[in-house]
Amino acid sequence: MFNFWGSKEQQQGQSRPQEASSQQPWYSPSLVSSPSSSRLPAPGEAAAIIVFLKDKSVDELRKLLSDKDAYQQFLLSLDQVKIQNNIKEELRRETLQLARENLEKEPQIMELRNQCRIIRTTELAAAQEKLSELERQKEEILKFYSPGSLLHKLQDGMIQVDEESEALQEKFLEKEIDTAAFVQKYKKLRTTYHRRALTHLAAKTSTIV
């Protein structure tokens, strides 16, 4: 009796591999994990899939392994796959919306670019020209008030006052001006001359030191 059951089990064991070998699965091993990636399912995901599979008959499971459409339909019915597909669809809609908004803003972007180009070619050029003019004026002012320039002006002022003093003396000698007026003007001119001469000497000495 035991040999009989044993022989029957051996016969069943021999017949099942032949059946399985006659139906090769259509899918690649990577498709078992996920419809969209090759990652292995997490324990929670695997448990959820097992819940869906445990109530299916052997024929239904065999059909999932041999029928691509049935397998695909089963995958699409899983909550995990539905969630992923919903997320993907939401991202696609958001991407399309952003693309539409960018296209709607294209005229405004082009207008801003044109304004920037106008500013660069007109207002910026005018500002640079104004800056160049101010730089030139600054150089002239610095040159005008440089120590060398001030010494030269003091010397010119001394010469001018000295010439005016000589001209006043000639007028006095030719009696073109009375004594009181001559003394008053001549004293003023000489005072100015000596003041400038002392300033020139002090500035020259300071510059040399």
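What follows draws every value from the coordinates through simple rules; no lab data is involved. What you are looking at is a predicted structure, and each value in this text was computed from that prediction instead of being measured. Quick reminder, even Gly has a Cβ in these numbers, built from the backbone with ideal geometry, and neighbours come from all protein chains shown.
Here are some notes:
- Spin-label model, residue 180 to residue 127: label points 7 Å out along the Cα-to-beta-carbon direction sit 6.8 nm apart.
- Gain in span if fully extended, residue 150 to residue 138, counting 0.36 nm per residue against the direct Cα distance: 2.7 nm
- Net charge dipole size for region 94-181 [Lys, Arg +1 and Asp, Glu -1 on Cβ; Debye, nearest 20]: 760 debye
- Net length available on complete extension from residue 164 to residue 120 is 10.1 nm, with 0.36 nm assigned per residue and the Cα-Cα distance removed.
- Residue 56-residue 80 pseudo-label distance in nm [points 7 Å out on the Cα-to-Cβ vector]: 1.4 nm
- Radius ratio Rg over Rh of region 119-209, counting only Cα atoms, Kirkwood formula for Rh: 1.34
- Each listed q (0.15 Å⁻¹) maps to a log10 I(q)/I(0) for region 143-193 from the Debye sum over equal C-alpha point scatterers, namely -0.48.
- Binned Cα-Cα distances of region 53-173, short to long, each 5 Å bin given as a whole percent: 2, 8, 6, 6, 6, 5, 5, 5, 5, 4, 4, 4, 4, 4, 4, 3, 3, 3, 3, 3, 2, 2, 2, 2, 1, 1, 1, 1, 0, 0
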